[in-house]
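First comes the structure, then the notes that go with it.
The values are calculated or read from the model by the stated rules, or taken from the named source; none is laboratory data. Here the structure is a predicted model, which is why all the values come from computation and not from measurement. Cβ sites come from the backbone with ideal geometry, for glycine too, and all protein chains shown count toward neighbours. Please note that ligands, DNA and RNA were not included when accessible areas were found on the heavy atoms of the full protein model with its side chains. Shrake-Rupley method; radii C 1.70, N 1.55, O 1.52, S 1.80 Å.
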Amino acid sequence: MAKFVHGEQSEITVDYVNQPDASARSSGQDRRVTAAVPGRKLHRLVAVSFGLLCVLQSALNISLRLYNKTEDIEVCCTNLTSEQKRELLNFDHYFKQGWVYFRLSFYYISSEKKSWQDSRADCQQRSADLVIINSKEEQDFTSTFHKLTWIGLTERETKGTWKWVDGTLLTKSYWNPGEPNDYEGKNEDCVEIRTHDWENNWNDLPCGHQNFWICEKRIAL
């Protein structure tokens with residue numbers, strides 16, 4: 001015996017065995033056809049619902065990794081275009097490699113030390129570059145890693161002219177008091193973030209000094 005319930009319709013009961021005669025079997029066939037229609041719809045509904053749950057679960061898992069702050073979730077939902085959202089969803093491999101997401105950029109913090117130039121080369125091999133600090137929020141964020149780290153700021157091309165690695169001139173700075181100073185007459189043409197002061201913690205150093213570094217991969221706008 002099979003039972004199907006569809007919406008507010010009354011329960012349909014079909015007896016597949018013990019049919020006493022041909023008319024009863026014919027009647028039973030009719031009942032089976034009647035019952036099969038809502039049965040197929042029910043199976044289709046269950047399959048579609050299960051598929052939607054899988055999609056939603058996958059999206060939730062990615063979202064939990066991408067956005068660990070409510071404010072970032074709100075930014076994603078309201079300010080990003082569909083293309084930008086698709087790009088975010090395609091960047092799962094960055095998280096597997098230890099990158100961190102913050103306000104439309106991914107950041108990689110090294111676990112070893114290199115010179116400024118070698119640090120930049122490592123970032124470029126990762127399809128990124130040394131971090132460019134564009135705001136107070138990004139300055140605070142990059143200061144939370146508690147390491148002496150290279151950033152993408154240098155005056156190697158022209159002494160006294162500080163430029164970011166994308167060629168833009170420095171406009172807003174967060175120098176430690178007394179910096180930059182070419183300490184003891186050294187050519188300190190590259191910049192590190194120090195850890196003792198989040199507000200003003202930049203320090204110039206010789207570019208050959210060994211430091212950790214921060215790579216930045218910005219989402220295409």
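Numbers for the structure displayed
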item: Whichever residue in the range 172-221 is over 30 Å from Phe95 (Cβ atoms) and part of a strand (DSSP E or B) and, among such residues, is most open to solvent (accessible area, probe 1.4 Å); result: Trp175
item: Residue list for the range 95-121, restricted to those being under 23 Å from Leu170 (Cα atoms) and either part of a helix (DSSP H, G or I) or touching a Leu at 6+ places or on another chain (Cβ under 8 Å) (or both); result: Leu104, Trp116, Gln117, Asp118, Ser119, Arg120, Ala121
item: Near pairs, Cβ below 7 angstrom, 6+ apart or cross-chain, from the range 163-178 (over 13 Å from Val131 (Cβ atoms) and at pLDDT 95 or above) to any residue that is surrounded by 10 or more Cβ atoms within 10 Å (Cβ to Cβ) and polar (S, T, N, Q); result: Lys163/Thr154; Trp175/Asn200
item: Pick from the range 106-118, criterion more than 12 Å from Lys147 (Cβ to Cβ) and of a type outside the set (D, E, K, R), ranking: most open to solvent (accessible area, probe 1.4 Å); result: Gln117
item: Count of the range 111-150 residues which are touching a helix residue (DSSP H, G or I) at 6+ places or on another chain (Cβ under 7 Å) and closer than 14 Å to Glu192 by Cα; result: 5
item: Residue check for Glu137: part of a loop (DSSP other than H, G, I, E, B), open to solvent by 70 Å² or more (accessible area, probe 1.4 Å) and at negative phi; result: no
item: Residue in the range 151-165 that is under 15 Å from Ser105 (Cβ atoms) and either in a loop (DSSP other than H, G, I, E, B) or of a type in the set (Lys, Arg) (or both) present; result: yes
item: The range 115-131: number of residues that are acidic (Asp, Glu) and touching a residue at least 60 places away in the same chain (Cβ under 8 Å); result: 2
item: Criterion violated by Leu153 - all others in (1) crowded, with 19+ Cβ neighbours inside 10 Å; (2) on the phi > 0 side of the Ramachandran plot satisfied; result: (2)
item: Close pairs (7 angstrom Cβ cut-off, 6 or more residues apart or separate chains): modelled with pLDDT of 85 or more in the range 80-107, assigned to a strand (DSSP E or B) and open to solvent by 80 Å² or more (accessible area, probe 1.4 Å) anywhere; result: Leu104/Arg218; Ser105/Arg218
